[in-house]
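Visitor: After the structure tokens below, expect a handful of questions from me.
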Amino acid sequence: MNQKGCIDVDTFQGACQCGAVKYSVAPGPARQTVCHCRMCQRATGNAFAPLMEVDNDRITWTGYAKTFRSSNIAERGFCDECGTPLFYRMIDRDTTEFMAGTIDTDIVFHPVENYGAESRLSWVFGLAAVAEQETVIPADQPIVSHQFDHGS
Ligand SMILES: [Zn+2]
Ligand SMILES: [Zn+2]
């Protein structure tokens, strides 16, 4: 991978919610971006896709990610069991762009580009100024996660 904006990252792992699909990525260059395009919004059900692009030959898979050919230039991988969106992949590139929210490891994420800026939702700009509230877990009603790693 030889693209503008790459940084070297340590090994990292990730998975879907149910754990049927897991991946591990060997250390090396990565390109971190945020994509606001309309297709990423729909594919993630979210305002944007935070993406971590790495070479395919550094990835070790456990389980099988089903893919959807979302356009003539790209496919998107997801878990067929729990529906978690896992990656975006350009057909003519030997790289995979992981959805950063599926990464287990506490990684450094410094996006070098806001791609698809024409579709960036206006409310995204103001989020940093919105009041914060941590997750509330009542002592008598603990949340029992069915995700395999509880989001570590
Ligand atoms: Zn799954
Ligand atoms: Zn996109």
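Every number here is computed from the coordinates shown, using simple stated rules; none is lab data. Only a predicted model underlies this, so the values are computations on that prediction, with no experimental measurement involved. Heads up, the Cβs are rebuilt from the backbone with ideal geometry, glycines too, and the neighbour counts pull from every protein chain shown.
Yes or no, residue by residue, for (1) in contact with a Gly (Cβ under 7 Å, 6 or more places away or on another chain); (2) within 16 Å of ligand 1 (Cβ to nearest atom); (3) without any contact (Cβ under 8 Å) to a residue 12 or more places away in the chain:
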site	(1), (2), (3)
Leu86	yes, yes, no
Ile103	yes, yes, no
Tyr115	no, no, no
Ala128	no, no, yes
His146	no, yes, no
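Visitor: Is it fair to say Arg42 is within 16 Å of ligand 2 (Cβ to nearest atom), among the charged types (D, E, K, R), surrounded by fewer than 20 Cβ atoms within 10 Å (Cβ to Cβ) and part of a loop (DSSP other than H, G, I, E, B)?
Guide: no
Visitor: Quick one: which of Glu118, Glu132 is exposed (fewer than 10 other Cβ atoms within 10 Å of the Cβ), within 16 Å of ligand 2 (Cβ to nearest atom) and farther than 25 Å from Pro27 by Cβ?
Guide: Glu118
Visitor: For the condition touching a Leu at 6+ places or on another chain (Cβ under 6 Å), away from ligand 1 (no atom under 16 Å from the Cβ) and touching a residue at least 12 places away in the same chain (Cβ under 8 Å), what is the one hit in Glu75, Glu97, Glu53?
Guide: Answer to the selection: Glu97.
Visitor: Among the residues in the stretch 69-79, are any aliphatic (A, V, I, L, M), away from ligand 2 (no atom under 12 Å from the Cβ) and assigned to a strand (DSSP E or B)?
Guide: no
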